[in-house]
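Below: one structure, written as structure tokens.
Every number in this text was worked out from the coordinates using simple rules, so none of it is lab data. Because the structure is a prediction, the values reported are computed rather than measured. Reconstructed Cβ throughout: ideal geometry from the backbone, glycine too, with neighbour counts over all protein chains shown.
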Ligand SMILES: [Zn+2]
């Protein structure tokens with residue numbers, strides 16, 4: 001894969017190509033945006049372009065030894081830190097330092113990609129900051145993150161920030177079809193322009209968790225069932241999509257795109273919108289360590305109104 005094969009994100013790719021064309025390549029970039037929209041793919045292709053042995057038309061050739069090694073993550077001048085399940089610890093950053101301060105082996109540049117970089121814990125971010133203060137001129141960093149606000153301000157201020165958006169619906173559908181996956185309408189809408197999320201198995205688990213919590217709330221369960229604030233945020237996200245679908249269905253009198261097609265109980269559009277805004281308000285506060293029990297009971301009361 002090269003930049004020309006990536007579907008969507010044209011503006012972001014143009015910016016990246018512009019850096020290289022002008023010879024003004026930032027030493028550290030942040031790629032932010034929802035998870036599953038293609039940030040990591042763009043990051044890897046940018047790394048390929050920086051190290052390719054036969055750049056053509058400001059894109060990597062995709063066939064040279066360097067490109068092939070990058071694709072399989074075995075290039076000695078690429079360090080890819082991907083520890084999305086747990087936190088990224090200071091040990092990971094020590095390895096990064098060992099990598100960074102040795103000159104490139106095969107390419108003229110070295111690239112470090114930290115996926116879900118906001119998972120660096122405090123000591124890791126402190127250690128990383130030191131590297132970032134005086135990076136060697138051959139080394140380039142890309143911090144990929146769906147929650148860049150969790151990175152230290154001192155880290156963010158040393159980076160050029162590139163923001164990624166979910167794909168428009170027709171491109172999102174094209175990516176899934178290009179991966180030879182069929183479109184399952186029941187989960188398509190809840191993935192909201194995030195093909196990576198659609199193609200992962202996670203979406204079905206999330207939906208199962210959503211229905212299970214919804215049933216508990218309807219049954220009047222007072223003990224909250226979310227394992228973490230992240231889980232709560234995902235639940236609220238799906239709930240908002242549900243409310244949005246209800247609203248569309250109420251206005252268009254069709255249930256074609258509803259994720260919960262039989263749930264509509266005749267709420268007026270105005271009330272659905274109010275519920276949506278109340279949920280959005282909660283969702284926007286999740287990062288402020290919102291108490292899960294309070295949110296659970298609040299939403300449970302809302303749901304009593306026959307959502
Ligand atoms: Zn190449």
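Note on residue 103 and residue 27: their simple-model spin labels are 1.8 nm apart, each label 7 Å out from Cα toward Cβ.
Ranked for footprinting exposure by Cβ neighbours inside 10 Å, fewest first, 142, 25, 222 give 222, 25, 142.
Against the chain, whose longest principal axis is taken from its Cα atoms, helix 269-284 shows a tilt of about 40°. Packing, as the average of other Cβ atoms within 10 Å across residues, places the peptides 282-290, 65-73 in the order 65-73, 282-290, highest first.
Set the Förster radius R0 to 22 Å, insert the Cβ-Cβ distance between residue 64 and residue 17 as r into 1/(1 + (r/R0)^6), and round the FRET efficiency to 0.05. So the FRET efficiency works out to roughly 0.75. Arranged from fewest to most other beta-carbon atoms within 10 Å of their beta carbon, 223, 165 become 223, 165. The order of 205, 59, going from fewest to most other C-beta atoms within 10 Å of their C-beta, is 205, 59. Each helix, a run of at least 4 DSSP H residues, gives -39500 (n - 2.57); summed and divided by the residues of the chain, these come to -14500 deg cm²/dmol at 222 nm. By how many degrees, 0 to 90 and rounded to 10, does the Cα axis of helix 202-218 deviate from the longest principal axis of the chain? It works out to around 30 degrees. Going by a ≥ b ≥ c, the root eigenvalues of the Cα gyration tensor, does the range 73-114 fall in the rounded group (a/c under 1.5), the prolate group (a/b larger than b/c) or the oblate group? Oblate, because a/c is 1.5 or more while a/b does not exceed b/c.
Across q = 0.09, 0.11, 0.15, 0.20 Å⁻¹, the range 1-146 modelled as identical point scatterers on its alpha-carbon atoms has Debye log10 I(q)/I(0) values of -0.25, -0.38, -0.73, -1.33, in the order of the q list.
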